[in-house]
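Step one of this worksheet: look at the structure below.
The values are calculated or read from the model by the stated rules, or taken from the named source; none is laboratory data. Because the structure is predicted, anything quoted here is derived from the model rather than measured. Because the Cβ atoms are built from the backbone with ideal geometry, glycine has one as well, and the counts that use them run over all protein chains shown. Ligands, DNA and RNA are stripped out before the accessible areas are found, and what is left, the full protein with its side chains, is counted by its heavy atoms. Shrake-Rupley method; radii C 1.70, N 1.55, O 1.52, S 1.80 Å.
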Amino acid sequence: MKFAVNVIEALLIVAIAPLVRGVIARVKARIQNRRGASVLRPYADLLKLFRKEDLVPDTASALFRFAPVVLFAVTVTAAAFVPVLHPSALLGVSGDFIVLVYLLAAGRFFLMLGAMDGGSSFGGMGASREALVSTLAEAPLFLGLTSVAILAHTVRLSGIVEFSVRQNPFQLSAVHVLAFGALALVAIAETGRIPVDNPTTHLELTMIHEAMVLEYSGPSLALIEWASAVKLTLIMALLVGVFVPWGMATSNSLLGLAFALLAFLFKFAVLAIVIAMIESSLAKLRMYLVPDFLGVASALAILAVVFTALMR
Amino acid sequence: MGLIGLAVAKALASSAVFLFVTVLMMASAKRISTCIVLFGLQSAVMAAQIVALAYAGKLLEAYAIAALVVVVKIVAIPYALFRIVRDLKAPHDTASSTTVAQSVFIMAGLILLSFFAVAPYAKTLRIDENMLASAVALVLSGAFLMVSRKKALMQVIGLLVLENGIFLAALTTTFGMPLVIEIGISFDLLMGVFLMGLFVFRIRDTFEHLDVSKLRRLRG
Amino acid sequence: MDLTQLTPFPFALTVDRMSALFLLLICAVGTLVVLFSISYVERHYSGPKADWMWVLLPLFLLSMVLVVTASTAFAFLFGWELMTVFSAGLILIDGDSERRRHNIFIYLLMMHVGTAAVIASFFLFLPHANSLNFASMRAAVAIMPMGVRNAIFLLSFIGFGTKAGIVPLHLWLPKAHPIAPSPVSALMSAVMLKTAIYAFVRFTFDFLGGGPSWWGYLVLAAGAVSGVLGVLYAIAEHDLKRLLAYHSVENIGIIYLGLGAALVFNANNAPIWATLALTAALLHTLNHALFKSLLFLGAGAISDAAHTIDIEELGGLLKRMPVTGVVFLVACCSIIGLPLFNGFVSEWLMFRSFIAGAELSNISAAVILPLMAGVLALIGGLAVSCFAKLYGVAFLGRPRGIEAEHATEVAIPMQAAMALLAAACVTIGVMPGVVLPPLIAVTQELLHSSSPPEPALSISRTLPLVAGCVIVLIIAISGLRRIKRITPTWACGLPGLNSRMQYSSTAFSKPLRKVFARVYKPDRTVEIEYVNRPYFPKSVTYHSVRTTSFENSLYRPAVDAIVAMATRLRRLQTGNVQVYLLYIFLALVALLVFMRFA
């Protein structure tokens, strides 16, 4: 029974990923006084792309079409690590958050290679900028997750979530607040949202993620877009699970799980609205101010780790 | 005490964390108005602390102090500062000498320093280590703001944060200062802010800018 | 094996668990490198050069075997010096121009400085041990005062650190490794550096039995600095072999991070976590030997096919050299530490031990060890960028030079050697249960602890599961029917694309180099030639030189001080025979006085 629920959790993240994108886009449109496209638009986009041909540049090698496959596979595997409905996940194992971070890094590495295989300047530009952002985001991501892991005296994500569930929601813990600050900033950088990267830009010189996928089309592009949405969803689920997990089911009863599902959808809706509001009110940072942004995240993460020893 | 009472009690227990958060946000603030708002929030937290103490210890004096804090530090001074910012018609950025990341790093280091400094006293005086550490952190961050920001208004705000820290330290160690002293300090502050406001306009009119790093005619 | 009867000094060889591990490493990698060299030497050298190659290569391997199996100090130092001599000889085979001789000189010089420190640390055992074989040295430590033990630790740290290549003693690495023939570079980088690690572990854990916490902090600091600076210097390089040499510095730094953590755990009485940290360090040693040799052999294959190792002239090699391209990709993924490859296993174990450090009761250890996890994450992130740059510029896209365009696949023995190394990397990465139990046995013997650390066993169960998931998904998605059509590169409709429009290696690393500008301190000159007036430049020359900051701030003052002292001592050499006789006479008088009063 538990196994079935875990499988459903993992599939849930993969399935609602495009919906999350659609909701964010719709809320942004409303803020900008437009009607906006339907929230189910990303599904239509994916379907359209899957039915088209894959255009491959003549200078590219077999890696060009292989990279999106790897990216999607590792991102979906990473999604299996995140607890959604109750504090355990399909692949919840000891030290799993380390595996999760490195799986995401693997996907990013292959995407950078695929970008450079296109043989145009834009691929290299996107890969080079993505290298800058992701390099500086690794350390605060790790340190943030490490600090909450140390506080919870466990190294499994499920253990961390269980510890957070047992906390009193009104009592702020310094480590959790600092780690949340660091991880929120890193999440913005990792998922490529404003103020680090504009996911809806059409100007090549302002692109980071979009420049990497400029040469891709058809099913390859569909896989990349879906993987990117899954990554956004799984990082949101990670933040929600570690910092605001109340509402998760503690038993396997159907009623508990149904309530957990509603709580999960509600928290996700709120988070999507918050993301849309942040994106509408901030401007994208100049690229050489992004290291400064990530430096703040690093400072908060280091402080969080030091506080785990001070607050003992 | 009821559910709300319990929630409020828990929230007050984590007010030290909240003060640390405001300190870090002040380090990364890019506009003067953000700093003024954060100062108001810090004062609100301290007023809540005083009210909790008054409720627990049944001290009527403490309610008066809390009311004083609310009037002076949450209403009067921020209002005065906002008016000065509006009338100056100058750029609203905080003109820092360090980048945002460097400020946050230094502020984090200051927070850690305050914990180390407070550690031996907390055990002997039997007080909440976190509250005293947050008080020292406020003092240090007020001083850091005064050192690293180039606008005259930011120096004022740094001074206000520093005084907040001293007040909080007194609150934590002696469970409140006598009412008379508190009234005296508050009025001093209010006068200081108004005088600073006057001076700021004079400086701007004489030198055409408010950058204190350029006010060096007093050199020997 | 005791050969003391044959030699004037005590000379004996023993093989215990740790020696066995390093012996396996040397022989496995050595065999595959020799396999590679069969066709490499045949194609690149002829006549006496090839003969010298085949004489010195086995001797080099033999000297390394001697170092890890020696059980007397004399045998150890004999092998140690032979390693340096034979590798210098192998480098000389490739040519002896002025610049090459200068680099070899610096290599030999620094090796001897290190060896001097090592000999000094051996001699410090003498008053307490009755003979210089390892067994009596081990016994002598129990009666040594703490000051002597500290001195031995510091001297061995400096001596073996010079050989291993930690910052700031790494200066010889980027000078010596790139100028050697590729198989020799592979052996030097992958195996020779590991003998230094072997010796350091033998001294610190076997003889000295661990020590106070500050030893661990010193090693951690050295590891952190080497790791970060090594990869930062590598990012700025576009000479393939220099880049790989700097990555060796980085990986040695990572190994030292593990060793430092083990020392700190040992000092804080946490034997299980010390076992885990030491296992992680030793596994990373093994992994590094595998993937670094693969990378250098790949560099040899590239230089064989494209006749250049400057990656700015390469490109599009994956299409033209598929086997080399695939195994090089495996090596890149391994060194970055991606899951399913062997680098990930050792890095995971290291992360796990750092997080466990927060459970210690000592506050400074509980704070420093988790922060080292952040340093390791930073190193990993930088490595991802560097290898994305390397692989993307060298193997993907369009060829940037004529040679790269006409590159073809290399000979079968070379392919076979590289493929076997790649297979080893993937095997350890997917099924770490193959190597972890023997490694745990090695560390348990070293640290005299009994129970195996649980995380090491759990990763052996977890990784095959994760690997299975990823591989199943990849196969499932690849099976989807996707029609493909080959078209010219779109690039937003820009016409006339050529290879010069692609990102070069310097361009790729520019953002990172700008962020870390304080490390590089570049020296830039721009010369503009004008026609008549300054508005019409005829040509612009841009010249940027990076000096690694240690050369100016550390080495130059030290060298100047030594030269100044030597100049002053030169006055003793007056050239007058009577003065020399006077020196001998004075020495005799002093000896008589000393004997009277001693």
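The residues of the stretch C:396-435 that are open to solvent by 50 Å² or more (accessible area, probe 1.4 Å) and in contact with a helix residue (DSSP H, G or I) (Cβ under 7 Å, 6 or more places away or on another chain), listed by number, are C:E403, C:T408, C:E409, C:L420, C:V426, C:T427, C:M431, C:V434.
One line per residue, one yes/no per condition, for (1) surrounded by 24 or more Cβ atoms within 10 Å (Cβ to Cβ); (2) acidic (D, E); (3) within 14 Å of chain A (Cβ to nearest Cβ); (4) within 24 Å of the chain's Cα centre (by Cα):
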site: C:F354; (1), (2), (3), (4): yes, no, yes, yes
site: C:I363; (1), (2), (3), (4): no, no, yes, no
site: C:C386; (1), (2), (3), (4): yes, no, yes, yes
site: C:V393; (1), (2), (3), (4): yes, no, yes, yes
site: C:P437; (1), (2), (3), (4): no, no, no, no
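Assessment of the stretch C:124-143 against the conditions (within 29 Å of C:K292 (Cα to Cα) and out of contact with any strand residue (DSSP E or B) (no Cβ under 9 Å at 6 or more places or on another chain)) yields no matching residue. Got at least one residue in the stretch A:62-71 being closer than 30 Å to A:R166 by Cβ, in a helix (DSSP H, G or I) and either among the charged types (D, E, K, R) or at the interface with another protein chain (Cβ under 9 Å from one of its Cβ atoms) (or both)? No, the conditions are met nowhere in the stretch A:62-71.
A single entry from C:T541, C:T506, C:T462 fulfils the requirement of being modelled with pLDDT of 80 or more and over 33 Å from the mean Cα position of the chain (by Cα): C:T541.
Identify the residue in the stretch A:249-270 that is assigned to a loop (DSSP other than H, G, I, E, B) and farther than 21 Å from A:L239 by Cβ and, among all such residues, is farthest from the chain's Cα centre (by Cα).
Step one: filter the stretch A:249-270 for residues assigned to a loop (DSSP other than H, G, I, E, B), giving A:249-253.
Restricting the remaining residues to those that are farther than 21 Å from A:L239 by Cβ gives A:251-253.
Working: A:S251: 27, A:N252: 27, A:S253: 29 Å.
Here the answer is A:S253.
Scanning the stretch C:506-548 for residues that are surrounded by 15 or more Cβ atoms within 10 Å (Cβ to Cβ), more than 14 Å from every other protein chain (Cβ to nearest Cβ) and outside any strand (DSSP E or B) returns C:Y520, C:T548.
Among the conditions (1) open to solvent by less than 90 Å² (accessible area, probe 1.4 Å); (2) within 14 Å of another protein chain (Cβ to nearest Cβ); (3) among the hydrophobic types (A, V, I, L, M, F, W, C), C:A564 misses just one, which is (2).
Within the stretch C:295-335, the set of residues being at positive phi and of a type outside the set (G, A, S) comprises C:H307 only. Can you find a residue that is open to solvent by 20 Å² or more (accessible area, probe 1.4 Å) and at the interface with another protein chain (Cβ under 7 Å from one of its Cβ atoms) anywhere in the stretch A:147-157? Taking every residue of the stretch A:147-157 in turn, none turns out to be open to solvent by 20 Å² or more (accessible area, probe 1.4 Å) and at the interface with another protein chain (Cβ under 7 Å from one of its Cβ atoms).
Could you identify the single residue in B:L68, B:L113, B:L60, B:L53 that is over 18 Å from B:N164 (Cα atoms) and in contact with a Leu (Cβ under 9 Å, 6 or more places away or on another chain)? Of B:L68, B:L113, B:L60, B:L53, the one residue that is over 18 Å from B:N164 (Cα atoms) and in contact with a Leu (Cβ under 9 Å, 6 or more places away or on another chain) is B:L113. In this structure, is C:P452 modelled with pLDDT under 85, more than 7 Å from chain A (Cβ to nearest Cβ) and touching a Ser or Thr at 6+ places or on another chain (Cβ under 9 Å)? Spelling it out, C:P452 is indeed modelled with pLDDT under 85, more than 7 Å from chain A (Cβ to nearest Cβ) and touching a Ser or Thr at 6+ places or on another chain (Cβ under 9 Å). In this structure, is C:W348 open to solvent by 10 Å² or more (accessible area, probe 1.4 Å), of a type outside the set (K, R) and within 14 Å of chain A (Cβ to nearest Cβ)? Criteria not met by C:W348.
Within the stretch C:239-265, residues that are modelled with pLDDT under 95 and aromatic (F, W, Y) have Cβ atoms under 7 Å from residues that are open to solvent by 10 Å² or more (accessible area, probe 1.4 Å) and not in a helix (DSSP H, G or I) in these pairs: C:Y246/C:E237, counting only partners at least 6 apart in sequence or on another chain. Under 7 Å between Cβ atoms, at least 6 apart or on separate chains: pull out the pairs that start in the stretch C:355-382 with a residue that is in contact (Cβ under 8 Å) with a residue 40 or more places away in the chain and part of a helix (DSSP H, G or I) and end on any residue that is open to solvent by 20 Å² or more (accessible area, probe 1.4 Å) and among the small types (G, A, S). Close Cβ pairs satisfying both conditions: C:A365/C:S213.
For the stretch C:473-505, a residue qualifies if it is more than 8 Å from chain A (Cβ to nearest Cβ), small (G, A, S) and open to solvent by 50 Å² or more (accessible area, probe 1.4 Å), and the qualifying residues are C:A476, C:G479, C:G493, C:G496. Of the listed requirements (1) within 28 Å of A:A276 (Cβ to Cβ); (2) facing chain C (nearest Cβ under 7 Å), A:L141 misses just one: (2).
All conditions in (1) in a helix (DSSP H, G or I); (2) closer than 18 Å to C:H177 by Cβ; (3) without any contact (Cβ under 8 Å) to a residue 24 or more places away in the chain hold for C:L108, with the sole exception of (3).
Would you mind listing the helices (runs of 4 or more DSSP H) fully within the stretch C:157-263 where at least 2 residues are open to solvent by 10 Å² or more (accessible area, probe 1.4 Å) and under 20 Å from C:A117 (Cβ atoms)?
Values: elements: C:173-176, C:182-187, C:193-201, C:213-235.
Hits in the stretch C:157-263: C:213-235.
In this structure, is B:A108 within 14 Å of chain A (Cβ to nearest Cβ) and assigned to a helix (DSSP H, G or I)? Answer is yes for this residue.
Only a single item in (1) open to solvent by 10 Å² or more (accessible area, probe 1.4 Å); (2) at the interface with another protein chain (Cβ under 9 Å from one of its Cβ atoms); (3) polar (S, T, N, Q) is not met by A:Q167, and it is number (2).
Looking across the stretch A:261-308, the residues that are more than 17 Å from A:I188 (Cβ to Cβ), touching a residue at least 40 places away in the same chain (Cβ under 8 Å) and open to solvent by 40 Å² or more (accessible area, probe 1.4 Å) come down to A:L261, A:A269, A:I302.
Are any residues in the stretch B:110-154 among the small types (G, A, S), surrounded by fewer than 16 Cβ atoms within 10 Å (Cβ to Cβ) and free of Cβ contacts under 8 Å to residues at least 12 places away in the same chain, and if so, which ones?
Taking the stretch B:110-154 as the starting set, the residues that turn out to be among the small types (G, A, S) are B:114, B:117, B:119, B:122, B:133-135, B:137, B:141-143, B:148, B:152.
After this cut, where a residue has to be surrounded by fewer than 16 Cβ atoms within 10 Å (Cβ to Cβ) as well, the list is B:117, B:119.
Result: B:A119, single match.
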